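Please read the structure below before turning to the comments.
The values are calculated or read from the model by the stated rules, or taken from the named source; none is laboratory data. Everything quoted here is computed from the prediction, not taken from an experiment. All Cβ positions, even for glycine, are placed from backbone atoms using ideal geometry, and neighbour counts span all protein chains on display.
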Amino acid sequence: MARYTGPKSRIARKFGEPIFGPDKHLDRKNFPPGQHGMNKRRKKTSEYGIQLKEKQKAKYTYGVLERQFHKTFDKAQRAKGVTGEVLLQLLESRLDNVVYRLGIAPTRAAARQLVSHRHITVNGQVVNVPSYQLKPGDIVGVREKSKSLETIVDSLTTRKYSKLPWLEWDDAQMAGKFMTVPERSDIPENIREQLIVELYSK
């Protein structure tokens, strides 16, 4: 399973946002990493650099590597609608992202691991592919044998579940419903998707 395994606080500091979740290091050092991180007179970033940074931020946020991200972009480009918005909708519809959004896992990386280790079901069937694309009406649940798993119980107990209009959660069943593909205005991520489209159109 290909995934980013490098330093996370350093990446979060690079973007100036807690893209991997709450980060005490980012709170303490809210400037870019490296020996010139606090230098206010850094060279102005080019237009290409700004676009590339936005793409990198989206990749790290959703835990997708370059090849898979490019495939997702190609799919968004072929689909009807605004390419940038469709790209984010496809990323939000991934199974690992929805497991995270429902609060079953504390981070997307943890959600990816739960899916890969066969703890998650879709419509009652175990699915172990993190990039599995959900369709409206799909039910994402915790496998019966995994409902007492400490990681899942802790996450559901301590989660700060913010109700999203495209998801519905049932505590009793430990399952959530993917109601509909989210509108761009309902996706809380701070990503300027148009810059990504401009980058790929060069």
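Residue by residue, here is whether (1) among the small types (G, A, S); (2) out of contact with any Ser or Thr (no Cβ under 8 Å at 6 or more places or on another chain) holds:
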| position | (1), (2) |
| --- | --- |
| G49 | yes, yes |
| L52 | no, yes |
| K55 | no, yes |
| K59 | no, yes |
| L65 | no, yes |
| K75 | no, yes |
| L91 | no, no |
| R94 | no, no |
Practice item. Identify the single condition in (1) without any contact (Cβ under 8 Å) to a residue 60 or more places away in the chain; (2) in the same structural domain as H117 (by TED's automatic domain parsing) that L164 does not satisfy, given that it satisfies every other one. Key: (1)
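Quick check, is L134 modelled with pLDDT under 95 and not basic (K, R)?
On the way: modelled with pLDDT under 95: no; not basic (K, R): yes.
Criteria not met by L134.
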Point to revise | Index of the failed condition, G84 passing every other in (1) outside the structural domain of I50 (by TED's automatic domain parsing); (2) assigned to a helix (DSSP H, G or I); (3) of a type in the set (G, A, S) | key: (1)
**Study point:** Matching option when the condition is in contact with a Leu (Cβ under 9 Å, 6 or more places away or on another chain), under 19 Å from Q68 (Cβ atoms) and of a type in the set (G, A, S), among G103, G176, G84
**Key:** G84
Point to revise | Among the residues listed as A2, A111, A76, the single one being at pLDDT below 60 and either assigned to a helix (DSSP H, G or I) or surrounded by fewer than 18 Cβ atoms within 10 Å (Cβ to Cβ) (or both) | key: A2
**Study point:** Candidate set: region 139-152, residues that are under 21 Å from the mean Cα position of the chain (by Cα) and surrounded by fewer than 19 Cβ atoms within 10 Å (Cβ to Cβ); chosen: the one nearest to E92 (Cα to Cα)
**Key:** I139
